[in-house]
Amino acid sequence: MLELLDSCDSRRFRASKMQINPSFYTSSFMAVAAVATASPSSLIYTRPSSRSGGRIPGSARRTTALVMAAGNGGGRTMPHVLTVAGSDSGAGAGIQADIKACGALGAYCSSVITAVTAQNTVGVQGVHPVPEAFVAEQLRSVLSDMAVDVVKTGMLPSVGIIKVLCRSLQEFPVKALVVDPVMVSTSGDMLAGPSTLSGYRDELFAMADIVTPNLKEASALLGGMSLRTVSDMCSAAKSIHNLGPRNVLVKGGHLPGSSEATDVFFDGENYHVIRGSHVNTRNTHGTGCTLASCIAAELAKGSPMLQAVQRAKTFVESALDYSKDILIGNGPQGPLDHLFDLNTHAHTAGARSFDAKDLFLYAVTDSGMNRKWGRSIVDAVKASIEGGATIVQLRDKEAETRDFIEAANACLEICRSNGVPLLINDRVDVALACDADGVHVGQSDMPARVARSILGPQKIIGVSCKTAAQAAQAWADGADYIGCGGVFPTTTKANNLTVGLDGLKAVCLASKVPVVAIGGISAANAGSVLEISVPSLKGVAVVSALFDRECIGTEARRLKSILMDTSSHAKLSV
Ligand SMILES: Cc1ncc(COP(=O)(O)OP(=O)(O)O)c(N)n1
Ligand SMILES: Cc1ncsc1CCOP(=O)(O)O
């Protein structure tokens with residue numbers, strides 16, 4: 001697998017199509033080490049090419065020889081993917097997704113940018129292609145210097161850029177080429193004109209080790225062929241294979257009438273139907289780029305093709321599952337968290353533990369109501385949790401500090417044993433004294449910024465907001481969530497302005513942190529609150545609907561079931 005060339009040797013070599021070999025790295029590393037020890041200044045190493053016309057340019061060989069002569073030849077190599085794709089300012093797809101996906105799988109990822117897009121979770125607002133000559137320059141910079149194993153392509157906005165890439169790959173061969181024929185974004189915006197179809201078909205596919213179209217792209221490549229079933233996908237995979245790539249993966253996504261995410265892989269001889277579970281989430285932006293990058297990373301690590309595809313699919317499924325509730329942006333398509341494995345460990349290592357799902361049914365206590373019904377605060381909190389409350393706030397405007405701390409300690413015991421966070425209304429001192437999970441502060445209480453500096457990064461801080469400007473300030477101050485209301489008129493809080501469902505919606509749309517609605521909410525109107533259907537709205541907070549009722553547990557159960565029904569019928573991401 002390894003060829004040694006004299007540094008002055010100008011021989012060109014032409015290698016036959018290379019099989020991806022898992023032992024490649026080990027063997028090349030050992031051979032390099034041997035060479036470095038034997039005769040460091042006069043020999044260089046190179047690897048055979050998978051591409052026709054493969055050669056190592058003299059300048060690159062000389063550079064390698066110099067590096068080895070300088071004593072760096074025995075360093076550790078990394079599997080290396082070069083992504084040639086567009087930049088996504090929202091970082092859910094494109095170059096940014098590729099770099100994160102490769103990093104997550106342990107591959108180094110260099111990048112050649114073909115276009116700069118202005119993009120977010122709503123859609124694509126602008127596309128600015130990079131001039132062909134500058135794409136060529138970027139390619140030369142990376143490929144002439146770095147040992148790239150696999151090139152992965154994403155957005156190639158013109159035939160000219162496709163041609164530039166093909167020329168570069170002829171000059172600087174790599175182990176494998178993964179082509180994701182990106183044409184339309186998940187939001188439906190065009191990223192490459194129809195003229196690029198001929199570039200893919202006539203130029204790039206013949207060089208590709210795998211092409212990974214989704215149903216729309218496969219259909220476009222085949223002149224508008226209708227693709228509805230797995231059998232259609234098999235026919236499409238065969239037709240695309242006839243265009244030149246060695247392998248084809250047609251991604252079925254969520255096929256009509258199926259609860260699975262089904263893909264078809266064709267290697268020119270056999271079809272493999274790869275089934276995965278469909279994850280119900282808005283956070284699917286960039287899954288195509290991620291899948292192709294993962295395939296590239298696995299190939300760079302030495303996996304055989306089918307195994308690379310299977311591992312990539314497993315990674316995407318795990319990332320979708322982990323990211324299904326993440327709130328980034330207000331548009332219909334949010335991004336994945338590619339670094340979920342890292343972040344899972346970060347949580348256990350002490351990062352903030354707030355989970356927006358906890359806001360679903362938020363019980364806010366009221367000392368006056370407890371007195372009226374002859375209940376202790378501890379019994380009231382216990383009953384609300386038994387009924388399904390997901391977070392509790394102790395709100396007591398009258399208690400002496402000492403009594404408040406005592407009550408908070410007792411409630412904390414119940415909350416902790418049920419895995420329900422306990423927050424303290426207004427009183428940062430009480431929260432600190434009993435080590436509660438956090439505080440909720442209003443616009444005239446201690447500023448959230450100050451509370452954050454006192455409580456540290458791990459405590460939960462909620463802030464009451466009635467306007468978009470207040471929501472922006474709360475986020476800037478380090479709030480974890482905001483409480484917005486009163487949504488409906490209420491007698492629980494005197495002189496409180498009602499913002500209505502429209503006001504709630506405006507704040508939710510503006511908020512960069514999760515929102516819980518509060519004020520006059522009960523079983524009669526809780527459904528209408530969730531139905532405003534803005535992703536940042538994560539639940540409702542109630543006082544009288546629980547604590548001014550005879551049976552707190554029954555009321556909590558009723559509310560919870562209404563919230564769950566509404567969120568599942570409206571497919572809300574709460
Ligand atoms: C979840 C939640 N949202 C809003 C409020 C109101 O807090 P604030 O504005 O501080 O008013 P008081 O509760 O102090 O009367 C809240 N408590 N909880
Ligand atoms: C504390 C608070 N903040 C805004 S409205 C409100 C009172 C909510 O109480 P209820 O759920 O009984 O209307």
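What follows is calculated from the coordinates using simple rules that are stated; it is not laboratory data. As the structure is a prediction and not an experimental result, all values here were calculated from the model. Glycine also receives a Cβ, built like all others from the backbone with ideal geometry; neighbour counts cover every protein chain displayed.
Each listed q (0.18, 0.19 Å⁻¹) maps to a log10 I(q)/I(0) for segment 356-569, found by the Debye formula over equal Cα scatterers with no solvent: -1.35, -1.51. Think of each Lys and Arg Cβ as +1 and each Asp and Glu Cβ as -1; about the Cα centre, that makes the dipole of segment 172-256 roughly 220 debye.
Taking GluC sites (Glu not before Pro) across segment 241-310, the ones in a DSSP loop with at most 13 further Cβ atoms lying within 10 angstrom of their Cβ are E269. For the pair D379 and D189, label points projected 7 Å from Cα toward Cβ lie 5.9 nm apart. So what does log10 I(q)/I(0) come out to for segment 102-193 at q = 0.14, 0.20 Å⁻¹, using the Debye formula with one equal point on every Cα and no solvent? With one equal scatterer per Cα and no solvent, log10 I(q)/I(0) is -0.55, -1.04. Across the options G329, T262, M155, the greatest Cα extent toward the positive end of the charge dipole of segment 80-348 (unit charges at beta carbon of Lys, Arg, Asp, Glu) belongs to T262.
Rounded to 0.05, the FRET efficiency of the A118 and R402 pair, given R0 = 60 Å and the Cβ-Cβ distance, is 0.60.
Here the simple spin-label model places points 7 Å from the Cα toward Cβ, and for C234 and R140 these points are separated by 4.9 nm. Classify segment 348-461 from the C-alpha gyration tensor, please: rounded if a/c falls under 1.5, else prolate or oblate depending on whether a/b exceeds b/c. Oblate, since a/c reaches 1.5 and b/c is not below a/b. Ignoring lysines fewer than eight residues from K372 along the same chain, the ones with Cα atoms less than 28 angstrom from its Cα are K382, K397, K493, K560. Ignoring aspartates and glutamates fewer than eight residues from K163 along the same chain, the ones with Cα atoms less than 14 angstrom from its Cα are E132, E137, E171, D202, E203.
Taking a ≥ b ≥ c as the square roots of the Cα gyration tensor eigenvalues, segment 446-574 comes out prolate, since a/c reaches at least 1.5 and a/b is larger than b/c. Computed from label points 7 Å out along Cα-Cβ, the spacing between L432 and I454 is 0.6 nm. Looking at segment 386-444, the GluC sites (Glu not before Pro) that sit in a DSSP loop and have at most 16 other Cβ atoms within 10 Å of their own Cβ are E398, E400.
Reported to the nearest whole Å, the Cα centre-to-centre distance from segment 86-159 to segment 356-416 is 52.
Karplus-derived 3J(HN,Hα) values for segment 84-95, using 6.51 cos²θ - 1.76 cosθ + 1.60 with θ = phi - 60°, are 10, 7, x, 8, 10, 4, x, 6, x, 10, x, 3 Hz; glycine and proline are entered as x. Computed from the C-beta positions of E413 and T77, the FRET efficiency with R₀ = 60 Å rounds to 0.65.
Kindly identify segment 80-348 as rounded, prolate or oblate by the Cα gyration tensor criterion: order the square roots of the eigenvalues as a ≥ b ≥ c, call it rounded if a/c is under 1.5, otherwise compare a/b with b/c, prolate if a/b is larger, else oblate. Rounded, since a/c falls under 1.5. At an R0 of 35 angstrom, the distance between the Cβ atoms of R201 and R275 translates into a FRET efficiency of 0.75. Taking 24 Å as the cut-off for C-alpha to C-alpha distance, list the pairs among K357/K505; K216/K357; K313/K512 that go past it. Distance filter (> 24 Å) returns K216/K357; K313/K512.
Annotation for segment 521-574: GluC sites (Glu not before Pro) lying in DSSP loop with at most 15 further Cβ atoms inside 10 Å of their Cβ are E531, E550. Averaged over residues, the count of other Cβ atoms within 10 Å places the peptides 191-202, 460-471 in the sequence 460-471, 191-202, highest first.
Ranked by the mean number of other Cβ atoms within 10 Å of their residues, highest first, the peptides 361-374, 219-232 come out as 361-374, 219-232.
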